[in-house]
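The numbers here are math on the coordinates, done by the rules we state, and not lab data. Given the structure is predicted, the values throughout are model-derived calculations rather than measurements. Cβ atoms come from the backbone with ideal geometry, glycine included; neighbour counts cover every protein chain shown.
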Amino acid sequence: MTWLPHLTATLNAIALVLLLCGFALIKSGRRHLHRNVMLAAVGTSGLFLLAYVIYHATAPIFEFRGTGAVRPVYYTLLISHVVLAAAVTPMIAVTVWRAVSGQFAPHRGLARWTLPIWLYVSATGIVVYALLYHVYI
Ligand code: HEM
């Protein structure tokens, strides 16, 4: 199962790119494409969550090997990533629900919070993965 963190990081990176594309699409007025790309981001994140849960149910916690000043940086990123990931999950569900049920003004209001938090969670996920599996190995 040692390959699973690389899969989850890849899925996370794909979701990040889809979110940025989805945002650019709505900004240029392409609503239908925005819908499809955002639903693809939700699907990719769902797969990510599944792989992540399987990995952590079967593997021991991988200890961070960095020393010195990078440790508080790493743990600040990790803790903010985990807390905001938990917070944004129901926000994503409500944001999607509002859109698919045609409540576009409330969708837009909530999406303006959901999107930046989700982007932060995705980006810090990639940084944490890089520090854990590539930089301090
Ligand atoms: C979690 C997934 C989604 C996120 C994060 C998201 C994000 C956003 C954001 C940030 C805006 C506002 C853009 C601005 O600043 O003007 C927006 C608007 C919009 N979104 Fe989404 N969106 C998602 C899913 C969807 C889906 C599934 C649909 C279609 C069923 C959709 C349809 C729309 C429409 C029509 C608007 C324009 C609303 C208006 O201007 O009144 N979105 N979305």
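Starting from the Cα of Ile117, move 7 Å in the Cα-to-Cβ direction to define the label point; list residues of segment 69-83 whose amide nitrogen is under 13 Å from there. Taking a point 7 Å out along Cα→Cβ of Ile117, the residues of segment 69-83 whose backbone N falls under 13 Å are 81-83. Output the 0 to 90 degree angle, nearest 10, between the alpha-carbon long axis of helix 31-58 and the longest principal axis computed from the alpha carbons of the chain. It works out to around 30 degrees.
Computed over the Cα atoms of the chain, pair by distinct pair, the Kirkwood hydrodynamic radius stands at 15.9 angstrom.
Remark: Met38, Met1 ranked as Met1, Met38, counting other beta-carbon atoms within 10 Å and listing the fewest first.
With contacts taken as Cα pairs under 8 Å and at least 6 residues apart, the chain reaches a relative contact order of 33 percent. Based on the alpha-carbon gyration tensor of segment 70-137 and its eigenvalue square roots a ≥ b ≥ c, which shape applies: rounded if a/c is under 1.5, prolate if not and a/b is larger than b/c, or oblate? In terms of gyration-tensor shape, prolate. In the chain, the calculated helix contribution to ellipticity at 222 nm averages -29000 deg cm²/dmol per residue, counting -39,500 (n - 2.57) for every DSSP H run with n ≥ 4.
The angle between the Cα long axis of helix 70-100 and the longest principal axis of the Cα atoms of the chain comes to about 20 degrees, rounded to the nearest 10. Of Val70, Val42, Val96, the residue with the greatest mean-square motion in the GNM of the chain, using alpha carbon springs below 10 Å, is Val70. Once Rg and the Kirkwood radius are both taken over the C-alpha atoms of segment 1-70, their ratio Rg/Rh works out to 1.16. So what's the net charge close to Cys21: Lys and Arg +1, Asp and Glu -1, counting the other residues with Cβ under 13 Å from its Cβ? Charge balance in the 13 Å sphere: +3. Counting beta carbons within 10 Å around each of Thr10, Thr95 and listing the fewest first gives the order Thr10, Thr95. Here the Gaussian network model covers the chain, with springs between Cα atoms less than 10 Å apart; of Phe104, Phe48, Phe62, Phe62 fluctuates the most. Who wins for biggest fluctuation among Ala40, Ala15, Ala86 in a Gaussian network model of the chain, springs between alpha carbons below 10 Å? Ranking Ala40, Ala15, Ala86 by mean-square fluctuation puts Ala86 first.
When trypsin sites (Lys or Arg not before Pro) are flagged only if DSSP places them in a loop and at most 16 other Cβ atoms lie within 10 Å, the longest unflagged stretch of the chain comes out as 66-137. How far is helix 4-27 tilted off the main Cα axis of the chain, in degrees rounded to 10, range 0 to 90? Approximately 30 degrees, to the nearest ten.
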